[in-house]
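> Quick one: structure below, then a few questions.
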Amino acid sequence: KAGVTQTPRYLIKTRGQQVTLSCSPISGHRSVSWYQQTPGQGLQFLFEYFSETQRNKGNFPGRFSGRQFSNSRSEMNVSTLELGDSALYLCASSLGARVTEAFFGQGTRLTVV
Amino acid sequence: QKEVEQNSGPLSVPEGAIASLNCTYSDRGSQSFFWYRQYSGKSPELIMSIYSNGDKEDGRFTAQLNKASQYVSLLIRDSQPSDSATYLCAVNRRGGADGLTFGKGTHLIIQP
């Protein structure tokens with residue numbers, strides 16, 4: 001059974017640019033959550049999608065957005081990148097809504113220069 | 001008060017001994033509790049979930065939950081060097097309305 005797949009694994013972007021990250025959940029899982037991990041703040045919840053609808057959103061500015069497609073694949077977008085957006089972005093896949101057991105992908109390491 | 005607190009460590013344990021990792025949480029309405037293991041440079045890996053008071057055992061791992069005291073712990077028996085990692089406690093607050101809330105993690109070192 002394939003796990004959670006995130007692409008790309010690594011990205012280097014310049015301040016002011018935008019970036020799109022992709023996540024394919026475990027087959028049959030309908031919930032996708034996104035997290036940001038930094039050394040200082042740890043893992044922080046960005047948002048959760050279930051059946052193409054954003055159900056919850058964490059305390060992040062509007063520059064962070066996402067969407068989910070009918071096949072449960074999800075993308076997150078960060079616009080007007082700032083140096084502080086450099087982080088590991090993790091996608092987690094869950095079977096149903098309201099996050100039960102969540103399984104993480106390998107993450108996308110974003111560096112903003 | 002932080003929502004999920006863990007001692008950052010490092011916690012150093014001899015090989016073969018029991019490693020005990022602790023976590024406290026502030027939201028009494030929390031319903032689901034998880035332990036993740038994260039190796040350096042890798043993503044978190046789910047190792048235990050617990051939903052009701054008491055102990056839950058899975059191989060060398062035992063999760064313990066005490067909702068009255070608002071703490072959850074993870075015991076690792078017969079610790080191996082491969083258990084050296086950061087262990088993250090995660091709590092499902094408000095029925096998951098805020099996703100999972102993570103502690104900062106405890107860095108565990110198993111000494112051969």
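The values are calculated or read from the model by the stated rules, or taken from the named source; none is laboratory data. Everything numeric here is computed off the predicted structure, so don't read it as measured data. FYI the Cβ positions are ideal-geometry reconstructions off the backbone, even for glycines, and counts take in every protein chain you see.
Residue by residue, here is whether (1) aromatic (Phe, Trp, Tyr); (2) surrounded by 18 or more Cβ atoms within 10 Å (Cβ to Cβ) holds:
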residue	(1), (2)
A:50	yes, yes
A:72	no, yes
A:85	no, yes
A:96	no, no
A:104	yes, yes
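> Is there a residue being surrounded by 18 or more Cβ atoms within 10 Å (Cβ to Cβ), under 29 Å from residue A:56 (Cα atoms), at the interface with another protein chain (Cβ under 8 Å from one of its Cβ atoms) and in contact (Cβ under 8 Å) with a residue 24 or more places away in the chain anywhere in segment B:41-51?
Within segment B:41-51, one or more residues are surrounded by 18 or more Cβ atoms within 10 Å (Cβ to Cβ), under 29 Å from residue A:56 (Cα atoms), at the interface with another protein chain (Cβ under 8 Å from one of its Cβ atoms) and in contact (Cβ under 8 Å) with a residue 24 or more places away in the chain.
> Further question on the same structure: Could you go through segment B:19-30 and let me know if any residue there is within 23 Å of residue A:91 (Cα to Cα) and either among the charged types (D, E, K, R) or within 14 Å of chain A (Cβ to nearest Cβ) (or both).
Kept after step one, since they are within 23 Å of residue A:91 (Cα to Cα), are these residues of segment B:19-30: B:30.
From what is left, the residues that are either among the charged types (D, E, K, R) or within 14 Å of chain A (Cβ to nearest Cβ) (or both) are B:30.
For segment B:19-30, residues within 23 Å of residue A:91 (Cα to Cα) and either among the charged types (D, E, K, R) or within 14 Å of chain A (Cβ to nearest Cβ) (or both): present.
> Keeping to segment B:15-37, report how many residues are closer than 10 Å to residue B:73 by Cβ and surrounded by fewer than 21 Cβ atoms within 10 Å (Cβ to Cβ).
3
> Here's something else I'd like to know. Spot the failing condition for residue A:65; the list is (1) more than 14 Å from the chain's Cα centre (by Cα); (2) surrounded by fewer than 19 Cβ atoms within 10 Å (Cβ to Cβ); (3) at pLDDT 95 or above, and only one is missed.
(1)
> If you scan segment B:65-112, which residues turn out to be within 12 Å of another protein chain (Cβ to nearest Cβ) and over 17 Å from residue B:20 (Cα atoms)?
Within segment B:65-112, B:91, B:92, B:93, B:94, B:95, B:96, B:97, B:98, B:99, B:100, B:101, B:102 qualify.
> Among strands (runs of 3 or more DSSP E) lying entirely in chain A, which contain 2 or more residues that are within 14 Å of chain B (Cβ to nearest Cβ) and among the basic types (Lys, Arg)?
Details: elements: A:5-7, A:10-13, A:19-24, A:31-38, A:42-50, A:53-57, A:64-68, A:74-78, A:87-94, A:108-112.
Where strands (runs of 3 or more DSSP E) fall fully within chain A and carry at least 2 residues being within 14 Å of chain B (Cβ to nearest Cβ) and among the basic types (Lys, Arg), they are A:53-57.
> Return only the number of the condition from (1) at pLDDT 95 or above; (2) surrounded by 21 or more Cβ atoms within 10 Å (Cβ to Cβ); (3) out of contact with any Lys or Arg (no Cβ under 7 Å at 6 or more places or on another chain) that residue B:80 does not satisfy.
Condition (2) is where residue B:80 drops out.
> Take segment B:17-58 and flag every residue that is in contact with a strand residue (DSSP E or B) (Cβ under 6 Å, 6 or more places away or on another chain), hydroxyl-bearing (Ser, Thr, Tyr) and over 20 Å from residue B:3 (Cα atoms).
Correct list: B:20, B:39, B:43.
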